[in-house]
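One structure, pasted below without further comment.
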Amino acid sequence: MASIARKNLLEDIPRFLVAQIGILFAVSLVTIQTGMQAGFTRSTSKLIDESPADIWVSSPSMEHLGLTLPIPYDRLSQVRRVAGVDRAEAATIRLTVWRRVRVNQVTSITLIGGEPNGLLLPSSKITQGSFSDLRQPYAIVADSASLKTIQIQQLGDTEAIGSLPAKLVGLAKGTQSIVFDNIIFTSLESANAYATSSLTATPIASPPAPKALTPTDPVSFVLVQAQPGEDLASLKQRLESTVPGIRAYTRAEMSSRTQTYWQERSGIGFILGMGAVVGIIVGVVIVGQILYASVSDHIKEFGTLKAMGASDWFIYSVIVEQALWMAILGYVPGMGMCLGVAAWTAATQGITILITPVSAIVVLGTTVLMCVSSAFFAIQKVTRVDPAIVFKA
Amino acid sequence: MPNSANIDEFNQPKFSQAESSQSRLAAVVPQPDMAIVAEGVEVSLSAGQQQLQILKQINWSIRAGDIQLLMGPSGSGKTTLLSVLAGLLTPTVGTVYLLGQNITKMSRSQQARFRRDHIGFIFQDFNLFPALSAIENVETTLNLKGIHRRQSRQQAQALLDQVGLADKGHQLPRQLSGGEKQRVAIARALAGQPQLILADEPTAALDSQSGHAVMELLRQLAKDAGRTVLIVTHDPRIVDVADRIAHLDDGVLQED
Ligand SMILES: Nc1ncnc2c1ncn2[C@@H]1O[C@H](COP(=O)(O)OP(=O)(O)O)[C@@H](O)[C@H]1O
Ligand SMILES: [Mg+2]
């Protein structure tokens with residue numbers, strides 16, 4: 001049968017376009033808000049998820065990757081003595097300040113100290129230079145996304161952290177997490193030296209090499225790789241009962257603890273979730289209003305169909321078909337636009353809007369549901385139509 | 001007419017359908033040669049305090065195969081009576097039998113199915129679907145009856161040929177003149193061989209010449225196939241198409 005639904009929709013092209021822009025907007029709002037939430041959540045635990053460390057050892061006060069109290073460096077040797085530990089490394093994560101000495105400017109950074117080419121700084125992340133070069137004193141690797149903010153041009157350039165020099169020896173890609181300021185990687189020794197150096201002193205051009213850590217120097221985490229075939233739950237218990245004053249987390253626990261913190265305690269997750277809900281509500285209202293207006297405009301035609309003996313189901317199917325066309329024709333360009341925006345923000349802003357095949361299908365389902373439930377309002381109108389209106393001029 | 005042989009093939013009445021619904025409803029018409037029978041039909045509306053009686057004790061039979069005109073001044077209740085006869089409006093009291101079946105006691109969906117199977121409508125304002133082409137408008141009737149696209153296209157084209165619009169099938173209603181629109185509406189009403197054609201003021205929106213031509217066409221097509229036609233009008237220029245004329249005045253029916 002000639003599709004009355006489709007043809008009625010296309011009969012008034014300007015109004016149809018306005019409707020489709022409304023749906024496109026709603027689709028984009030839902031996709032971008034949920035994509036940002038998913039991207040944000042994944043980004044908060046990126047360093048954990050991408051590290052091969054099986055277990056993270058920290059102070060019992062640890063809230064998430066970026067918020068913990070330090071533990072003494074000698075926990076590392078204690079952890080190494082626990083049966084089932086194959087490899088262990090200390091790492092520090094702290095917020096500090098990047099100083100551009102010649103122009104007297106500062107930028108906040110997240111300084112990550114660890115074993116070069118180790119569990120937290122795997123060589124796969126490097127695009128230029130290498131993590132091995134971090135074995136040189138006061139060498140750093142920055143994420144390409146940070147270059148603009150820390151205003152460093154090329155490998156070999158030097159600025160300062162505290163009163164100590166910082167020489168760029170490599171560039172990493174895809175390490176930046178949305179919840180951290182510009183991430184700078186360095187060795188554990190350099191990180192320790194930067195932490196204790198003065199922010200008020202003028203940077204020294206050629207300081208003595210950083211000292212090895214003493215057993216009482218503070219570190220943030222001890223990362224553990226278990227021996228092959230080791231049961232992680234029991235290794236975790238063994239670590240907690242053998243090494244004093246620490247808690248141990250598997251990678252999954254550490255990851256979800258960090259994600260949960262940012263989702264629940266920070267309010268950011270809630271705000272992004274709200275955005276998605278608002279998007280859906282806006283979509284329902286727009287589609288509902290347009291369908292209702294369309295049904296009102298064509299009410300005499302629906303009356304004619306009723307007089308001609310069309311069943312109620314046939315008439316509902318016309319309205320629902322119209323809603324489905326609106327859903328599809330709003331979804332396709334909307335999703336296309338979102339993919340474009342996501343690619344752009346990832347390339348230029350270092351912000352991930354996560355659109356996976358699954359999330360794209362979920363948004364499609366949401367759009368269809370949104371349009372069909374709006375059709376419900378329009379159906380209300382048409383069920384009440386008196387078929388005798390067909391004789392009224 | 002070159003296409004008449006072709007048309008006659010699907011002009012055969014569908015006895016099987018009529019019989020099965022008849023046995024379900026088990027209603028018996030008093031006079032078997034009557035296509036439409038109204039027994040004691042009254043319609044009252046309460047307007048504020050007042051009880052408004054629009055139709056008063058209508059007892060009326062329309063003979064099968066007749067072209068029946070119902071005339072009367074504006075506001076006399078003609079459209080209301082037509083709505084009651086079509087099962088679109090339930091009378092306050094009384095019963096309507098169509099083709100021997102009691103339509104008044106049918107459920108809404110049974111009434112809709114009956115209209116789909118047995119009644120073709122022609123409206124004053126044509127009520128064509130503006131987004132559909134002429135041929136698609138005609139096909140709508142056929143598709144509602146479950147006839148599929150390829151067959152419906154062929155049958156609709158044959159009907160457009162009959163109403164003299166052979167080459168206008170792909171035009172939209174807004175591209176057609178008033179007379180052409182009403183011809184499309186007639187083709188749509190005739191599609192699927194309904195035994196009853198009900199028309200409300202079919203010439204009111206037309207000038208007198210095309211109004212008369214369109215009614216003459218309807219008469220001819222209906223007579224050829226032995227259909228019963230009820231035309232409600234207050235247009236005196238079309239009385240010559242009628243076999244019989246009845247008058248409605250202030251809700252009271254008088255037959256000539
Ligand atoms: N839904 C309604 N509510 C109130 N009055 C109505 C309604 N429908 C029809 N009427 C009244 O019933 C009378 C007959 O109407 P109608 O059947 O349309 O007459 P006609 O078709 O002969 O012009 C008119 O006076 C009209 O005002
Ligand atoms: Mg009238």
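The values are calculated or read from the model by the stated rules, or taken from the named source; none is laboratory data. What you see is a predicted model, and the numbers here were worked out from it, not measured in a lab. Methodologically, a virtual Cβ is constructed for each residue, glycine included, from the backbone with ideal geometry; neighbour enumeration extends over all protein chains shown.
Within region A:170-187, can one find any residue that is among the hydrophobic types (A, V, I, L, M, F, W, C), at pLDDT below 85 and touching a strand residue (DSSP E or B) at 6+ places or on another chain (Cβ under 8 Å)?
Yes: region A:170-187 contains one or more residues that are among the hydrophobic types (A, V, I, L, M, F, W, C), at pLDDT below 85 and touching a strand residue (DSSP E or B) at 6+ places or on another chain (Cβ under 8 Å).
Can you find even one residue in region A:270-279 that is out of contact with any strand residue (DSSP E or B) (no Cβ under 9 Å at 6 or more places or on another chain), touching a residue at least 40 places away in the same chain (Cβ under 8 Å), within 14 Å of chain B (Cβ to nearest Cβ) and not in a loop (DSSP other than H, G, I, E, B)?
The answer is no, given that none of the residues of region A:270-279 is out of contact with any strand residue (DSSP E or B) (no Cβ under 9 Å at 6 or more places or on another chain), touching a residue at least 40 places away in the same chain (Cβ under 8 Å), within 14 Å of chain B (Cβ to nearest Cβ) and not in a loop (DSSP other than H, G, I, E, B).
Still on this structure: Which residues, taken from region B:79-103, are in contact with a Ser or Thr (Cβ under 8 Å, 6 or more places away or on another chain) and within 16 Å of ligand 2 (Cβ to nearest atom)?
Answer for region B:79-103, where residues must be in contact with a Ser or Thr (Cβ under 8 Å, 6 or more places away or on another chain) and within 16 Å of ligand 2 (Cβ to nearest atom): B:Val84, B:Leu89.
Would you be able to tell me the number of residues in region B:64-77 that are closer than 18 Å to B:Ile238 by Cα, more than 10 Å from ligand 1 (Cβ to nearest atom) and aliphatic (A, V, I, L, M)?
The qualifying residues number 2.
Further question: Could you check region A:25-64 and list, in sequence order, the residues that are closer than 30 Å to A:Gly330 by Cα, surrounded by 22 or more Cβ atoms within 10 Å (Cβ to Cβ) and among the aliphatic types (A, V, I, L, M)?
A:Ala26, A:Val27, A:Val30, A:Ile32, A:Met36, listed by residue number.
Follow-up question, since we're still on this one. Can you spot a residue in region A:373-391 that is crowded, with 18+ Cβ neighbours inside 10 Å, away from every other protein chain (no Cβ under 14 Å), away from ligand 1 (no atom under 16 Å from the Cβ) and of a type in the set (Ser, Thr, Tyr)?
yes
Turning to a different aspect of this structure: Counting just the residues of region B:214-256 that are crowded, with 18+ Cβ neighbours inside 10 Å and free of Cβ contacts under 8 Å to residues at least 40 places away in the same chain, which one comes out farthest from ligand 1 (Cβ to nearest atom)?
Taking the candidates together, the pick is B:Val214.
Further question on the same structure: Would you mind stating whether A:Ser256 is more than 30 Å from A:Arg102 (Cβ to Cβ) and in the same structural domain as A:Leu121 (by TED's automatic domain parsing)?
No; evaluated as a whole, the condition is false for this residue.
Considering only region A:235-252, how many residues are under 14 Å from A:Trp56 (Cα atoms), assigned to a helix (DSSP H, G or I) and touching a residue at least 60 places away in the same chain (Cβ under 8 Å)?
Residues in region A:235-252 being under 14 Å from A:Trp56 (Cα atoms), assigned to a helix (DSSP H, G or I) and touching a residue at least 60 places away in the same chain (Cβ under 8 Å): 5 in total.
Separate question: Since B:Met106 meets every condition but one in (1) within 16 Å of ligand 2 (Cβ to nearest atom); (2) under 24 Å from A:Thr304 (Cα atoms); (3) more than 18 Å from the chain's Cα centre (by Cα), which condition does it not meet?
Unmet for B:Met106, out of (1) within 16 Å of ligand 2 (Cβ to nearest atom); (2) under 24 Å from A:Thr304 (Cα atoms); (3) more than 18 Å from the chain's Cα centre (by Cα): (1).
Return yes when A:Ile361 is farther than 28 Å from B:Gly87 by Cβ, more than 14 Å from every other protein chain (Cβ to nearest Cβ) and of a type outside the set (Ser, Thr, Tyr) and no when it is not.
Judged against the criteria, A:Ile361 is a match.
Going by what's in this entry, would A:Gln322 be described as surrounded by 24 or more Cβ atoms within 10 Å (Cβ to Cβ), of a type in the set (S, T, N, Q) and either away from chain B (no Cβ under 14 Å) or in a helix (DSSP H, G or I) (or both)?
yes
Right, here's the next one. Looking at this structure, is B:Thr104 more than 17 Å from B:Arg227 (Cβ to Cβ), more than 9 Å from chain A (Cβ to nearest Cβ), polar (S, T, N, Q) and surrounded by 19 or more Cβ atoms within 10 Å (Cβ to Cβ)?
yes
Among the residues of region B:45-81, how many are within 14 Å of another protein chain (Cβ to nearest Cβ), surrounded by 15 or more Cβ atoms within 10 Å (Cβ to Cβ) and either within 13 Å of B:Ile245 (Cβ to Cβ) or without any contact (Cβ under 8 Å) to a residue 24 or more places away in the chain (or both)?
Matching residues across region B:45-81 total 2.
Out of the residues in region B:238-256 that are within 16 Å of ligand 2 (Cβ to nearest atom) and not hydrophobic (A, V, I, L, M, F, W, C), which is nearest to B:Met71 (Cα to Cα)?
B:His247
Of the numbered conditions (1) part of a helix (DSSP H, G or I); (2) away from chain B (no Cβ under 11 Å), A:Thr352 satisfies every one except a single condition; which is it?
Only one criterion in (1) part of a helix (DSSP H, G or I); (2) away from chain B (no Cβ under 11 Å) is unmet by A:Thr352, namely (1).
For region A:330-349, indicate whether the set of residues that are farther than 30 Å from A:Lys148 by Cβ and surrounded by fewer than 18 Cβ atoms within 10 Å (Cβ to Cβ) is non-empty.
yes
Here's something else I'd like to know. Look at B:Gly211 and say whether it is at pLDDT below 95 and buried (at least 20 other Cβ atoms within 10 Å of the Cβ).
Yes.
Among the helices (runs of 4 or more DSSP H) confined wholly to region B:124-191, which include 3 or more residues that are surrounded by fewer than 18 Cβ atoms within 10 Å (Cβ to Cβ) and touching a strand residue (DSSP E or B) at 6+ places or on another chain (Cβ under 6 Å)?
In region B:124-191, no matching helices (runs of 4 or more DSSP H) lie anywhere.
In region B:123-146, how many residues are touching a residue at least 24 places away in the same chain (Cβ under 8 Å) and over 20 Å from B:Ala166 (Cα atoms)?
The total comes to 6.
Then there is this: Is it the case that region A:235-248 has a residue that's within 15 Å of the chain's Cα centre (by Cα), of a type outside the set (Phe, Trp, Tyr), under 17 Å from A:Thr68 (Cβ atoms) and buried (at least 16 other Cβ atoms within 10 Å of the Cβ)?
Within region A:235-248, none of the residues are within 15 Å of the chain's Cα centre (by Cα), of a type outside the set (Phe, Trp, Tyr), under 17 Å from A:Thr68 (Cβ atoms) and buried (at least 16 other Cβ atoms within 10 Å of the Cβ).
If B:Leu198 passes every condition in (1) at pLDDT 95 or above; (2) more than 14 Å from every other protein chain (Cβ to nearest Cβ); (3) within 16 Å of ligand 2 (Cβ to nearest atom) but one, which one does it miss?
(2) is the only condition that B:Leu198 fails.
In region B:78-112, which residue that is in a helix (DSSP H, G or I) and touching a helix residue (DSSP H, G or I) at 6+ places or on another chain (Cβ under 6 Å) is farthest from ligand 1 (Cβ to nearest atom)?
Ranking the qualifying residues of region B:78-112, first place goes to B:Ser83.
Among the numbered criteria (1) assigned to a loop (DSSP other than H, G, I, E, B); (2) more than 30 Å from A:Asp157 (Cβ to Cβ), which one does A:Thr202 miss?
Here A:Thr202 clears every test but (2).
Are any residues in region B:118-136 under 14 Å from the mean Cα position of the chain (by Cα) and more than 7 Å from every other protein chain (Cβ to nearest Cβ), and if so, which ones?
Hits for region B:118-136 are B:His118, B:Ile119, B:Gly120, B:Ile122, B:Phe126.
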